[in-house]
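To start, the structure under review is shown below, and the notes come after it.
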Amino acid sequence: MKMIASFTVDHDKLEKGMYISRIDGDAVTYDIRMKKPNGGDYLSNGALHTFEHLFATYVRNSKYSDSVIYVGPMGCRTGFYMVLRDCVSEEEVIELVKSCFRFISDFTGEIPGSKRKECGNYLEHDLAGAKEVAIDMLSVLKDWNTKDLKYKE
């Protein structure tokens, strides 16, 4: 079988940040790497789950909602993929992610979609853990710009 694009990235060189993973027609996949791959520190299931609920809810309620195709976690628990239509500029995507992470870092109250009838694993949430990840990523992305969206060689 043909190797998929995300497996061709050297994960030993990959650092926390935000990258363009691939472009397929008008769909751009962003790799939002929150943990160093193979670094021994991974997103806990509860924090990852809560982050997913807040991340997806935020971007699907943003002014870019019609451009959002997908937001979801990586199976390796080192980050998320976000797929958007290419009508959103790279600068806007960076600001959207930063704004979303500020929202998560400041979030209080009931996690959207966390009731039993809304979620297939409603008991496994960790808001404090999700907030910790958001705060860490805000420091990583503080000065991020479009030139940083390219994977390092």
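3J(HN,Hα) along segment 137-142: 5, 4, 6, 5, 8, 3 Hz, from the Karplus curve 6.51 cos²θ - 1.76 cosθ + 1.60 with θ = phi - 60°, whole Hz, x for Gly and Pro.
Couplings 3J(HN,Hα) for segment 70-86, derived from phi with the Karplus relation 6.51 cos²θ - 1.76 cosθ + 1.60 (θ = phi - 60°), are 7, 9, x, x, 7, x, 6, 6, 10, x, 9, 9, 10, 10, 10, 5, 6 Hz, where x marks Gly and Pro. Only Lys, Arg, Asp and Glu carry charge here, each on its Cβ (+1 for the first two, -1 for the last two); on that basis the chain has a dipole of about 240 debye about its Cα centre.
Using the Cβ-Cβ distance between residue 121 and residue 5 with R0 set to 22 Å, the FRET efficiency from 1/(1 + (r/R0)^6) comes to roughly 0.15.
The HN-Hα couplings worked out from phi for segment 92-104 by the Karplus form 6.51 cos²θ - 1.76 cosθ + 1.60 (θ = phi - 60°) are 5, 5, 4, 5, 4, 5, 4, 4, 4, 5, 5, 4, 5 Hz, whole numbers, x standing for Gly and Pro. Picking from 80, 114, 62, whose Cα lies most toward the positive end of the charge dipole for segment 14-141 (charges on Cβ: Lys, Arg +1; Asp, Glu -1)? About the Cα centre, the residue reaching furthest to the positive side is 114. Across segment 59-146, Cα-Cα distances exceeding 23 Å account for 27% of all pairs. Per residue, the chain reaches -10000 deg cm²/dmol at 222 nm when only DSSP H runs of four or more residues are counted, each adding -39500 (n - 2.57).
Averaging 1/r across all pairs of distinct Cα atoms in segment 1-134 and inverting the result yields a Kirkwood radius of 15.5 Å.
Distance check, please: which entries in 63/98; 36/115; 2/63; 35/63 exceed 25 angstrom between their Cα atoms? Provide the component values of the computation, followed by the final result.
Working: 63/98 14 Å; 36/115 32 Å; 2/63 37 Å; 35/63 28 Å.
Beyond 25 Å: 36/115; 2/63; 35/63.
Ranked by the mean number of other Cβ atoms within 10 Å of their residues, highest first, the peptides 141-150, 72-81 fall in the order 72-81, 141-150.
Where a number appears in this text, it was derived from the coordinates with a stated rule and is not lab data. Here the structure is a predicted model, which is why all the values come from computation and not from measurement. Backbone-built Cβ (ideal geometry, glycine too); neighbour counts: all protein chains shown.
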